[in-house]
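One structure is given here, and the rest of the page talks about it.
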Amino acid sequence: MSDIKHICIITYGYPHEKMPYFYTFVDKLVCAIADQGIKCTVINPVGKKIGHSHLMPPTSWTKKTKNGSVIELFCPRYLYFYATKVGGFNTGVLTFHLFMKAVKNTIKKYNLKPDCLYAHFIFPAGAAAAVVGNEIKLPVYFAYGESTSWGVEVLGKSRLKKYFKGINGVVAVSSAKKEELLGFNLISEEKIEVFPNAVDDTVFFPRQKSEMRKKYGFSSSDFIVGFTGNFNESKGVMRLLEAVKTNENIKLVLIGGGKDRPESNNIIFKGFLPHDEVPLMLSTCDVFVLPTLNEGCSNAIIEAMACGLPIISADRSFNYDILDKTNAILVDPENVKEIRNAIIKLMESVELRKQLSEKSFQKSKKLSIEKRAFDILKWMNL
């Protein structure tokens with residue numbers, strides 16, 4: 001297709017006043033697309049869950065980007081069932097159909113006339129977009145960036161292959177994700193293009209470390225390790241804690257939250273931050289460590305790179321588009337000793353930290369959200 005002027009983005013999540021940290025990466029891309037003069041309408045069906053009514057966004061609302069572009073958002077409600085196997089049936093299939101119905105009804109109710117549909121991610125949004133797009137004769141694209149393939153498992157390969165028969169294109173967030181998707185034999189290779197995740201470099205850039213440490217009351221002499229992400233097994237916050245617990249000179253800045261409860265005298269900050277304050281906190285750090293087990297393409301790592309931090313992370317294929325030996329030390333994320341040794345190596349070498357830091361920043365400049373939005377639109381317009 002050509003000359004896209006109006007995109008309808010279908011997503012399972014979107015940040016709002018009551019949940020400002022939810023799916024911020026989708027919001028960044030939508031804002032960047034809108035700021036390129038494209039009309040953006042977001043449909044984010046919200047599942048009704050017991051005890052979660054206080055976290056619900058409005059059913060319809062608008063927001064403005066930093067450049068003043070207006071984004072229209074619809075958050076229709078639907079009955080949500082967790083993906084649970086009951087006999088031979090997965091309740092996630094029912095959830096999918098109710099999600100899809102909410103998308104379809106919203107398009108009809110508000111008489112939306114987009115030029116194409118673009119979804120995050122394969123389940124439930126991508127599959128729903130494929131079905132709806134086929135029914136109303138619209139081109140369909142979706143992003144594939146989930147850390148695990150559970151959505152494929154819920155709907156099954158045969159069902160998804162049928163849904164995706166007429167798909168126009170898929171944005172894979174890493175080369176590893178492209179290979180994974182090809183392995184499912186759902187979509188032909190010529191329809192998949194790799195566009196690594198990206199960063200808003202007007203927000204994420206290096207600040208003066210001494211000033212930021214003064215702002216937060218941190219010592220100028222401490223060696224500070226940064227971490228951003230969910231506090232869970234997959235992201236590895238407890239493995240990081242274990243790696244530094246015997247060295248009182250190493251301090252931790254842990255941005256995020258979750259079911260794990262890291263507690264240690266090494267921790268000097270722990271908790272959520274407004275998105276635009278994250279780079280200020282990262283700028284207090286000497287190194288960024290994310291011993292993650294699974295990623296699509298880590299936004300947290302790219303944001304740390306944009307703040308000029310050397311990186312320690314997993315020596316796994318999902319990182320290879322953004323990390324190599326020039327800007328990172330890659331380790332076995334399940335090996336606490338390797339994580340510890342990498343931290344000590346950077347702690348003891350100012351020169352190595354400087355080299356990796358400079359390369360991180362240089363690489364991040366090629367990963368701006370504006371460029372990513374431009375490149376995706378250019379590809380879709382071919």
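The values are calculated or read from the model by the stated rules, or taken from the named source; none is laboratory data. These figures come from a predicted structure and were not determined experimentally. Glycine gets a Cβ as well: all are built from the backbone with ideal geometry, and neighbour counts include every protein chain shown.
Total residues in segment 263-278 satisfying the condition of being in a helix (DSSP H, G or I) and either of a type outside the set (Asp, Glu) or free of Cβ contacts under 8 Å to residues at least 60 places away in the same chain (or both): the figure is 3.
Of the listed requirements (1) within 20 Å of GLU277 (Cα to Cα); (2) of a type in the set (Gly, Ala, Ser); (3) part of a loop (DSSP other than H, G, I, E, B), SER210 misses just one: (3). For the criterion of being within 17 Å of VAL199 (Cβ to Cβ), at pLDDT 95 or above and surrounded by 20 or more Cβ atoms within 10 Å (Cβ to Cβ), ASN319 passes. Among the residues of segment 2-16, none qualifies, meaning not one is basic (Lys, Arg), at pLDDT below 95, surrounded by fewer than 16 Cβ atoms within 10 Å (Cβ to Cβ) and not in a strand (DSSP E or B).
Can SER174 be described as under 29 Å from SER368 (Cβ atoms), at pLDDT 95 or above and surrounded by fewer than 17 Cβ atoms within 10 Å (Cβ to Cβ)? In short, no. Name the single residue, out of those in segment 279-304 being part of a helix (DSSP H, G or I) and over 15 Å from the mean Cα position of the chain (by Cα), that is surrounded by the most Cβ atoms within 10 Å (Cβ to Cβ). Among them, the one singled out is LEU282. Residues in segment 332-376 that are in contact with an Asp or Glu (Cβ under 7 Å, 6 or more places away or on another chain), assigned to a helix (DSSP H, G or I) and free of Cβ contacts under 8 Å to residues at least 24 places away in the same chain: GLU338 only. For segment 346-371, taking the residues that are touching a helix residue (DSSP H, G or I) at 6+ places or on another chain (Cβ under 7 Å) and of a type in the set (D, E, K, R), the one that is surrounded by the most Cβ atoms within 10 Å (Cβ to Cβ) is identified as LYS363. For segment 64-89, a residue qualifies if it is crowded, with 18+ Cβ neighbours inside 10 Å and closer than 29 Å to VAL203 by Cβ, and the qualifying residues are SER69, ILE71, LEU73, PHE74, CYS75. Confirm whether VAL152 is among the aliphatic types (A, V, I, L, M), under 17 Å from the mean Cα position of the chain (by Cα) and either modelled with pLDDT under 95 or within 23 Å of PHE318 (Cβ to Cβ) (or both). Here the answer is no, as VAL152 does not meet what is asked.
Among the residues of segment 160-168, is any within 25 Å of GLU295 (Cα to Cα) and touching a residue at least 40 places away in the same chain (Cβ under 8 Å)? Yes, segment 160-168 has at least one match. Each residue in segment 63-79 was checked for being part of a loop (DSSP other than H, G, I, E, B) and in contact with a His (Cβ under 9 Å, 6 or more places away or on another chain), and 1 pass. For segment 180-208, the tally of residues that are free of Cβ contacts under 8 Å to residues at least 24 places away in the same chain and surrounded by fewer than 16 Cβ atoms within 10 Å (Cβ to Cβ) stands at 5. Scanning segment 321-362 for residues that are closer than 27 Å to VAL30 by Cβ and in contact with a Ser or Thr (Cβ under 8 Å, 6 or more places away or on another chain) gives ASP321, ILE322, LEU323.
Given the condition free of Cβ contacts under 8 Å to residues at least 24 places away in the same chain, assigned to a strand (DSSP E or B), of a type in the set (Val, Ile, Thr) and under 26 Å from GLN36 (Cβ atoms), answer yes or no: does some residue in segment 53-62 qualify? Yes, segment 53-62 contains a residue that is free of Cβ contacts under 8 Å to residues at least 24 places away in the same chain, assigned to a strand (DSSP E or B), of a type in the set (Val, Ile, Thr) and under 26 Å from GLN36 (Cβ atoms). Annotation note: of ALA125, ALA176, ALA143, the sole residue that is within 19 Å of SER317 (Cα to Cα) and in contact with a Ser or Thr (Cβ under 6 Å, 6 or more places away or on another chain) is ALA176.
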